[in-house]
Amino acid sequence: MIDRDLRKNFILGARLVLVLLLSLVDSVFLLPTQRVQAISGMSFSVTTQAVTNIGPTAATANGNISLSTGVTVDKRGFVYSASSHDDPSGANPQDSGYEYEVEEATGNFGAGPFSLPLNGLSPRTTYYVRAYVCSTWCNYGEEVSFTTADSIPSRSFRAGGWAPMSVGEVKGGFKVLINNGTSSTNSSKVTLQLIANPQLFKRMRISNDYNFSSERSTGVISYQSSYQWNLCKGLTSCSEGPHHVYVRYYTYWGRPTEVVSDSIIYRKEKPIIKVPVEELQARIVELKAEIAKLQARIAQLKEAKKEIFHLVAKGETLWQISQRYLGSATR
């Protein structure tokens with residue numbers, strides 16, 4: 001009977017020791033914030049939600065706060081960087097290991113969702129973000145990743161969306177010239193001068209067709225100030241006569257311009273070159289001066305001819321006459 005009671009008391013004591021040991025293990029291995037919450041009875045947490053409004057250089061971070069009754073937090077925000085990091089639970093945002101942070105103005109915040117903008121991002125870059133809330137300590141949500149858009153959204157080049165930008169809306173305008181604005185050419189291969197502000201316009205589209213049909217168009221390409229072009233692109237045969245080239249530019253955020261164009265007459269034979277009147281008049285003056293010189297030389301030769309006949313009549317030989325004019329002729 002005594003042995004049975006001793007054994008029962010031993011088992012109860014062992015169980016009590018085990019419970020104490022488990023409590024001690026929990027207190028040792030709990031995170032600092034969890035230990036404080038366990039002691040104080042205060043509970044607050046935050047979840048990181050999906051990032052929205054993602055653009056090339058900006059996005060909106062979203063989070064949601066959960067609180068126990070009567071608890072408020074005085075800081076909330078987001079930490080983010082281009083590399084992933086472990087949970088910095090308990091650490092201040094500046095010590096979290098993340099490169100950037102954005103925080104709402106200090107206040108008393110209750111439970112519920114909140115959002116803040118992330119600005120100054122790089123296009124086509126993956127970022128990692130965590131929401132955080134702070135009171136006596138800081139809690140962090142799980143890490144969420146997102147990738148920023150290209151510098152020009154793909155939707156920029158689809159029909160609809162923005163109204164085309166007119167020439168009058170842009171300082172200096174924009175246009176296209178074929179072969180620097182000459183009126184005709186005997187080659188179907190020409191050079192386009194694409195005149196636009198390269199800081200504003202980053203893309204363009206060139207076509208021989210106003211509707212920019214695929215077989216006669218470049219599609220959307222990077223802006224270039226000069227471009228080699230074929231007036232007969234997309235044609236099985238190329239006729240002589242007027243040919244038009246159409247261009248549409250796109251701003252760096254994707255807004256298209258109205259269509260601008262230039263034309264040139266294509267002739268397979270060499271075109272007649274038109275010379276300005278002033279240039280012709282100057283050439284005529286030069287020719288008259290050349291003619292005057294020739295006339296003076298002809299007059300000199302006529303006088304020399306008369307003198308030679310006179311010397312022959314006097315009986316001088318041709319050798320004597322050549323000596324007179326040339327000075328040292330040899331036989």
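Assuming 0.36 nm per residue, please report the length gained on full extension of the stretch ILE321 to ASP87 beyond their Cα-Cα distance.
Contour length minus Cα-Cα distance gives 72.5 nm.
Hey, can you rank 210-223, 303-316 by average C-beta count inside 10 Å, highest first?
Listed from highest to lowest mean packing, they are 210-223, 303-316.
I need the semi-axes of the equivalent ellipsoid of segment 76-228: take the C-alpha gyration tensor, multiply each eigenvalue by 5, square-root it, list largest first in whole angstrom.
Value: 52, 15, 14 Å, ordered largest first.
What whole-number value in cubic angstrom gives the convex hull volume per residue for the C-alpha atoms of segment 192-324?
Dividing the Cα hull volume of segment 192-324 by its residue count gives 240 Å³.
Enter the mean projected area of the convex hull around the alpha-carbon atoms of segment 277-326, in nm², rounded to one decimal.
4.1 nm²
How many nm is it between the label spots at TYR252 and GLU240, if each spot is 7 Å from the Cα in line with the beta carbon?
Result: 4.8 nm between the two label points.
So for each of 188-196, 119-127 I average, over its residues, the number of other beta carbons within 10 Å; can you give me the resulting order with the highest mean first?
In decreasing order of mean packing, 188-196, 119-127 become 188-196, 119-127.
Using a cut-off of 10 Å between beta-carbons, work out the net charge of the residues near THR251 (Lys and Arg +1, Asp and Glu -1, THR251 not included).
The answer is +3.
If I stretch the segment between VAL275 and GLN94 completely, what's the gain in nm (0.36 nm per residue apart, minus their alpha carbon distance), one decimal?
Gain in length upon complete extension: 57.7 nm.
Of the listed pairs LYS171/LYS268; LYS274/LYS302; LYS75/LYS202; LYS293/LYS314; LYS175/LYS233; LYS202/LYS268, which have alpha-carbon separations greater than 30 Å here?
Listed pairs above 30 Å: LYS171/LYS268; LYS274/LYS302; LYS75/LYS202; LYS293/LYS314; LYS202/LYS268.
How far is it, in nm, from the label point at ILE308 to the one at ALA105 when both lie 7 Å from their Cα along the line to the Cβ?
11.0 nm
Return the sequence-ordered ³J(HN,Hα) values of segment 226-240 in whole Hz as given by the Karplus equation 6.51 cos²θ - 1.76 cosθ + 1.60 applied to θ = phi - 60°, using x for Gly and Pro.
Taking θ as phi minus 60°, the curve returns 9, 8, 7, 9, 10, 4, 9, 4, x, 10, 7, 9, 10, 8, 6 Hz for segment 226-240.
What's the Cα-based Rg to Rh of segment 193-249, Rh via Kirkwood?
Ratio value, two decimals: 0.99.
Which whole-Hz couplings ³J(HN,Hα) result when phi for each residue of segment 174-182 is put into the Karplus expression 6.51 cos²θ - 1.76 cosθ + 1.60, θ = phi - 60°, listed in order with x for Gly and Pro?
3J(HN,Hα) across segment 174-182, in whole Hz: 7, 6, 9, 10, 9, 6, 6, x, 5.
Using θ = phi - 60° and the Karplus relation 6.51 cos²θ - 1.76 cosθ + 1.60, list the HN-Hα couplings for segment 74-88 in order, rounded to whole Hz, with x at every Gly or Pro.
3J(HN,Hα) across segment 74-88, in whole Hz: 10, 9, 8, x, 9, 10, 7, 6, 8, 9, 7, 9, 5, 4, x.
Every number in this text was worked out from the coordinates using simple rules, so none of it is lab data. In this text the structure is predicted, and so the values were computed from the model without any measurement. Virtual Cβ from ideal backbone geometry, glycine too; neighbours counted across all protein chains shown.
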